[in-house]
Amino acid sequence: MSLLYETFERGDITADMLDDAAKLFTENYGIWGSASRLCGKRVTLTAKRIREQYLPQDGECWYTRVTSHGTLVGNAFTCRWNHGGRTICWVTQLVVHKEYRGKGIASTLLRMSMADSDDMYGIMSSHPYACVAATAVFGMNTLQQ
């Protein structure tokens, strides 16, 4: 399996990248549960929503993606803020194509998103695979801070 990992700063993220990321999320993230009015339907995401909500202007944001033979198979959006003298790295999205799960891709994306200057990590996800990967890479103590 040939995988290509790449990282882009917010200003270098193209509309096509966001379209591909939105499609990956919509096709692979999950299904709404029984407590939702959308029960049984796919959780969806648009490129516009990614740009507006996952790449905020007041944060330092990056996009890390992995492709296999030119096809997007996983990605992570991350933002950094300084708060109280500490640098917080917040993963705003982590998705791996369902056919590529269990191969360490999510963990690699998260490790590539880390920086020596980070004091804390967090993830904005309810997906169990994303949360397990974050715990494995960042460590439980970091997530509880």
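The values are calculated or read from the model by the stated rules, or taken from the named source; none is laboratory data. Predicted model, so just to flag it, every value in this text is computed and none were measured. So basically every Cβ, Gly included, is an ideal-geometry build from the backbone, and we count neighbours across all protein chains shown.
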Query raised in the report: What are the pairs, 6+ residues apart or on separate chains, where a residue within the range 80-92 that is part of a strand (DSSP E or B) and at pLDDT below 95 has its Cβ under 9 Å from a residue that is exposed (fewer than 12 other Cβ atoms within 10 Å of the Cβ) and charged (D, E, K, R)?
Result: Trp81/Asp58
Query raised in the report: Restricting the search to the range 13-43, which residues are under 28 Å from Ile88 (Cβ atoms) and either outside any helix (DSSP H, G or I) or in contact (Cβ under 8 Å) with a residue 40 or more places away in the chain (or both)?
Result: Ile13, Thr14, Met17, Asp20, Ala21, Leu24, Phe25, Asn28, Tyr29, Gly30, Val43
Report summary line: In the set Leu24, Leu18, Leu45, the lone residue that is closer than 24 Å to Thr135 by Cα and surrounded by 13 or more Cβ atoms within 10 Å (Cβ to Cβ) is Leu24
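Yes or no, residue by residue, for (1) surrounded by 14 or more Cβ atoms within 10 Å (Cβ to Cβ); (2) aliphatic (A, V, I, L, M):
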position: Thr92; (1), (2): yes, no
position: Asp118; (1), (2): yes, no
position: Val132; (1), (2): no, yes
position: Gly139; (1), (2): no, no
Query - Unmet requirement for His127, which otherwise passes all of (1) under 14 Å from the mean Cα position of the chain (by Cα); (2) under 16 Å from Tyr5 (Cα atoms); (3) in contact (Cβ under 8 Å) with a residue 60 or more places away in the chain - result: (2)
